[in-house]
Amino acid sequence: MTDETDDETDERVNPMPLAFLTGGGSAIGEGIARRLVERSWTVAVTDINPDLARQVAAAAGGAPHAEALTLDATDRSRVDATVNDLLARHGRLDALVNAAGGMRGLGIPKTDFADMTPAVWNRILDTNIQSVLQCSHAVLPAMIAAKRGAIISIAASRGLRGGPQASIYSAAKAAIIVF
């Protein structure tokens, strides 16, 4: 078989493009999931909080258009397992949307850097930039093999100008912008 035949076969099996959305249980995640489903995408809504992932998947249209998966996007073994599962079930992965992040959802209040502990800033960095790196690295082999795919990483204006009580968060968002 030629590559062209293989591509046509994949299209018939799953004609709708698949997006892997991290941090999908957020308001931003819900907006992204809804817009993708409106544009005939299938969306794997992942979040560390399974209840929020289920709520967003349902609000975006539910099965078969949106499915909820529990995922800590900072855990590379879980990220790899999720990517492998999506590829096995859907036969493709067309987009990764890195929306996991923030501070509020982690229960971390805005705090001056001098008052933060290394554990707090590591949690902020892990959630906001390490998750982007882990997920992006995990999807690349399938996208490269398919010769198609998109990776979109959500940053924030804080990554452009910083903030006195969100210095580590701002640094992580700046890293996403540069990455």
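The values are calculated or read from the model by the stated rules, or taken from the named source; none is laboratory data. Since this is a predicted model, take the numbers as computed values, not measurements. Don't worry about glycine lacking a Cβ; one is built from the backbone with ideal geometry, like all the others, and counts go over all protein chains shown. Surface areas here come from the heavy atoms of the whole protein model, side chains and all, with no ligands, DNA or RNA. Shrake-Rupley method; radii C 1.70, N 1.55, O 1.52, S 1.80 Å.
Observations on the structure shown:
- Placing +1 on the Cβ of every Lys and Arg and -1 on the Cβ of every Asp and Glu, with nothing else charged, gives the chain a dipole about its Cα centre of roughly 680 debye.
- The stretch between Arg104 and Ala88 holds 2.3 nm of extra length on full extension. This uses 0.36 nm per residue minus the Cα-Cα distance.
- As a length-normalised measure over Cα pairs under 8 Å and 6 or more apart, the relative contact order of the chain settles at 20 percent.
- With Cα atoms defining each centre, region 23-43 and region 50-70 are spaced 9 Å apart in the structure.
- Listed residues Pro109, Ala27, Thr82: farthest to the positive end of the dipole of the chain (Cβ charges): Pro109
- For the chain, the mean residue ellipticity at 222 nm estimated from helices alone is -15000 deg cm²/dmol, where every DSSP H run of n ≥ 4 contributes -39500 (n - 2.57) and the total is divided by all residues, rounded to the nearest 500.
- Taking amide hydrogens as placed 1.01 Å from N in the peptide plane, the amide H of Ala60 sits under 5 Å from that of no residue at least 5 positions away in sequence or on another chain.
- Filtered trypsin sites (Lys or Arg not before Pro), region 49-131: DSSP coil and at most 12 other beta carbons within 10 Å: Lys110
- Calculated FRET value between Arg161 and Arg34, using beta carbons and R₀ = 25 Å, to 0.05: 0.30
- The distance between label points at Ser77 and Ala119 comes to 2.2 nm (points 7 Å beyond Cα on the Cα→Cβ vector).
- Amide H contacts of Leu96: Phe20, Ala150, Ile151, Ile152, each under 5 Å away and 5 or more positions distant or on a separate chain (H built 1.01 Å from N in the peptide plane; Pro and chain starts excluded).
- With eigenvalues of the C-alpha gyration tensor scaled by 5 and rooted, the chain, Å: 31, 17, 13
- Accessible surface of the chain, 1.4 Å probe, proportion on carbon and sulfur as whole %: 56
- Karplus-derived 3J(HN,Hα), 6.51/-1.76/1.60, for each residue of region 138-152, Hz, glycine and proline x: 5, 8, 4, x, 5, 5, 5, 4, 7, 6, 6, x, 9, 10, 10
- Å² of accessible area per residue within the chain, as computed with a 1.4 Å probe and no ligands counted: 52
- For region 35-127, the square roots a ≥ b ≥ c of the C-alpha gyration tensor eigenvalues yield an a/c of 1.5 or more together with a/b exceeding b/c, which makes the shape prolate.
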